[in-house]
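What follows is a single structure, written as structure tokens, with notes after it.
The values are calculated or read from the model by the stated rules, or taken from the named source; none is laboratory data. Note that the structure is predicted; figures quoted are calculated from it, not measured. A quick note on method: Cβ atoms are made from the backbone with ideal geometry, for glycine too, and the neighbour counts reach across all protein chains shown. The accessibility values were calculated without ligands, DNA or RNA, using every heavy atom of the protein model including side chains. Shrake-Rupley method; radii C 1.70, N 1.55, O 1.52, S 1.80 Å.
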Amino acid sequence: MTATAPPESLVDAPPVLDVRDLSVTFRTETGSVSAVDGVNLSLAPGEIVGIVGESGCGKSVTAMSLAGLLPRSARIDGSVRLQGQELVGARPSTLRAARGRDIAYIFQEPMSSLNPVLTVGRQVAEVLQVHERLSRREALERAVELLALVGIPSARERVKHYPHQLSGGMRQRVMIAMAVACSPKVLIADEPTTALDVTVQAGILDVLRDLRDRFGTSILVITHDLGVIADIADRVVVMYAGRIVERAGVQRLFDRPQHHYAAGLLSASPTPGRHAGTHRLQEIPGLVPVLEAQPDACTFADRCPAATARCSSAAPPLEPAPLAADVGDHPHEVACWHPRGDRPRPTVEEHA
Amino acid sequence: MRGYLLRRAWQSLLTLVLATVVVFLGVRALPGDPALALAGEDRTPEALAAIRREYGLDQSLPVQFWRFLTNALQGDLGTSIRTGQPVSSMLRTALPVTLELSLLAIAIAVVLGVGAGVVAAVRRGRPAEWVANALALLGLSVPHFWLGLVAILYLSVATGLFPASGFVPVSESVAQNLHHLVLPAVILGTGLSAVIMRQTRSSMLDALSTDFVRTAEAKGLRPRAVIGRHALRNSLIVVVTIVGLQLGGLISGAVVTEQIFGLPGFGKLTIDAVFQRDYPVIQAVVLVTASSYIVINFAVDLLYSIIDPRVRVTGDAS
Ligand SMILES: Nc1ncnc2c1ncn2[C@@H]1O[C@H](COP(=O)(O)OP(=O)(O)OP(=O)(O)O)[C@@H](O)[C@H]1O
Ligand SMILES: [Mg+2]
């Protein structure tokens, strides 16, 4: 397995990030949209956790809500504790102090996420100027080191370049340099490789893994791409329509997916541990619903091959999976009235 | 960048020559005979012929044009038919007044417009935005001359806060000079500042919802840095274009404003010359106006490449 589990002692340490009962609702002109509902999530030091789910499942909204980066139209309930400090409802100055220093982000689009009119060196240096009170010169000097750290050749020249002068992969490395400048405890990577081609992807994932190994950074990787999860994550969380429907160790989820949604996503996907390139999620018939309010039902019921009357009348809680086999290092939980149990994951034909 | 500048300079020169031809012909197409205007009571054919000969009006158009062009290149713009003074010296006294008025108006408009635009965007949906929007609407819809007259009535005549008319050169007294120019400059700048405000507001709103502003926020930057360094700098690219396009309007606005405030500037020179069919002066005035348009466009282009690094590169490539 390339995704080596972090040392046992680290997993038992108190979580760096602890999310409890997180819900996000947007006020829009056409009514409210419930994007995230009752999400519980924790990140141990040095752990890499993946969040997967189809488009519109609430992955990005979950990620943004952690450091309060959502627009004013979003209402966030629940609790987000970063090293014990509550961030939901925290003062702007508290949030600012945490952002970039304790919790940092890498976004999907490396072109539009960098400011086109500032040199990349300046953009990396900025973080250090704010959080470490370095002078502009010192910060630029550090920026050179950071760009070199994330694998940008001739970094001393590159700091003077503008984003449009760099390739997509290089820009994403700049984003990473910016994110890790202050050695954050938690790194949130929202589709860090989606816009990049496969060979570049592998390089970016190597950089992330290397950061975890060297600095013990905890990383939350959000992706559509099960190949990325298989490659880098220790644990996976599967989201559907704003809720967590299943979570388990990577190997475990790939072997014995319990939720029919997870099983659907996983059919025809790679085996963990192999650098298998890009693997988009398997198409499941139907669409992720946009919900005005969260119903007391399984929101996947109308797309689920195993749905019964019970599924549309009560929401299944997230509970330990009914499995005979050993669960391994990480708990395996599922929110389903009819989990798949000991059946192995379906093949494409079986699911189709 | 060099090649780009050279090409621009060449284009500018061509535009200038064209403008000169158009002006030359345009002035001669005006109804009315300057000789008649000059002759006064003595309208005998001999007197008129003498006048025409003196000012070269009896020559063919191409000859007149050639003479005008070669003289202009030597800095000799001819002699005013109306005052008998060299046109170039008339310009030398009038131009600084207008230049100062315009620059002051632009400065005021940019400061007010950009400031209000940023506030309106950042405080979207709150009272500050409504106030800024209402002021912008007023600035756009109320004509200069009316605003100027009202200002004179209340701020000069009634309260005596500002002089109602006249001008003091900077060389005599800086304070006096500003005192005379502030009010006209504010009036002249209102329209422009309203345009700038609206443009700044809308491009700031765009900028504030971009991914890179979110990145800036995710870095933990202060709002001042997020708004100023990240959002505003990108918005200014659009604002600069708009300002550039609006400066032409500013020149014509200056003509009216100078008239209202009795400033001895370019506008006054122009109007007097047109009424008197003072060919040499009209020609010179239009020539200077055309040149200033060209210079302004050039300056706007330069400013672009300073603000937006991407323009610098395309300039290089071409
Ligand atoms: N600003 C907003 N206002 C209203 N609704 C929003 C807003 N942002 C997101 N949503 C809604 O929240 C839901 C979840 O969106 P989110 O961006 O988290 O999906 P995602 O899982 O990240 O999808 P993708 O894989 O496409 O990035 C969607 O239904 C979306 O329409
Ligand atoms: Mg997303």
Problem set entry | Whichever lysines have a C-alpha closer than 21 Å to that of residue B:219, once near sequence neighbours (fewer than 8 apart) are set aside | A:59, A:160, A:185
Seminar exercise, completed: Taking r as the C-beta separation of residue B:61 and residue B:131 and R0 as 51 Å, the FRET efficiency to the nearest 0.05 is 0.35
Problem set entry | Loop-exposed GluC sites (Glu not before Pro) per DSSP, neighbour cap 15 Cβ within 10 angstrom, longest uninterrupted part of chain A | A:133-282
Seminar exercise, completed: When chain B is treated as a Gaussian network with springs between alpha carbons less than 10 Å apart, the largest mean-square fluctuation among B:22, B:238, B:174 is found at B:174
Exercise. Anyone know which of A:20, A:99, A:252 comes out most mobile in the 10 Å Cα GNM of chain A?
Worked result: A:20
Problem set entry | Helix-derived mean residue ellipticity, 222 nm - over chain B, DSSP H n ≥ 4, -39500 (n - 2.57), to 500 | -25000 deg cm²/dmol
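For region A:113-183, what's the relative contact order in percent, using C-alpha pairs closer than 8 Å and at least 6 residues apart? Don't jump to the answer; show the numbers that get you there.
Values: 88 pairs, mean separation 30.6, N = 71.
About 43 percent, as a whole number.
Taking the Cβ-Cβ separation of residue A:83 and residue B:222 as r and a Förster radius of 22 Å, what is the calculated FRET efficiency to the nearest 0.05?
The formula returns an efficiency of 0.50 here.
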For this session: DSSP loop (so not H, G, I, E, B), at most 12 other Cβ within 10 Å: list which trypsin sites (Lys or Arg not before Pro) in region B:22-54 pass both filters.
Result: B:43
Exercise. Over all distinct alpha-carbon pairs, what is the Kirkwood Rh of chain A in angstrom?
Worked result: 20.9 Å
For this session: Over both sides of the B-A contact, add up the buried accessible area with a 1.4 Å probe and give it to the nearest 100 Å².
Result: 2300 Å²
Seminar exercise, completed: residue B:142 and residue B:241 label points (each 7 Å along its Cα→Cβ direction) are spaced in nm at 3.1 nm
Problem set entry | Antiparallel DSSP beta bridges within the protein assembly as shown, as percent of all bridges there, nearest 5 | 60 percent
Exercise. Can you work out ³J(HN,Hα) from phi for every residue in region A:133-143, in order, using Karplus 6.51 cos²θ - 1.76 cosθ + 1.60 and θ = phi - 60°, giving whole Hz and x for Gly and Pro?
Worked result: 6, 7, 6, 4, 5, 4, 5, 5, 4, 5, 4
Exercise. Roughly how crowded by other chains is peptide B:204-211, in terms of the mean Cβ count from those chains within 10 Å of each of its Cβ atoms?
Worked result: 2
For this session: List, in order, the whole-Hz ³J(HN,Hα) value for each residue of region A:34-44 obtained from phi through the Karplus relation with A = 6.51, B = -1.76, C = 1.60 and θ = phi - 60°; use x for Gly and Pro.
Result: 8, 9, 9, 9, x, 7, 10, 7, 9, 10, 7
Exercise. How many Cβ atoms of partner chains, on average, are near each residue of A:114-123 if near means within 10 Å of its Cβ?
Worked result: 5
For this session: Apply 1/(1 + (r/R0)^6) to the Cβ-Cβ distance of residue B:300 and residue A:342, taking R0 = 60 Å, and write down the FRET efficiency to the nearest 0.05.
Result: 0.25
Problem set entry | Whole-number accessible area per residue in Å² for region B:95-314, which is evaluated in the context of all protein chains at 1.4 Å | 45 Å²
For this session: Would you look at the GNM of chain A, springs on alpha carbons closer than 10 Å, and say which of A:96, A:173, A:209 moves the most?
Result: A:96
Exercise. What average number of partner chain Cβ atoms lie no more than 10 Å from the Cβ of the residues making up A:179-189?
Worked result: 1
Problem set entry | the protein assembly as shown, accessible surface, carbon-and-sulfur percent (1.4 angstrom probe) | 60 percent
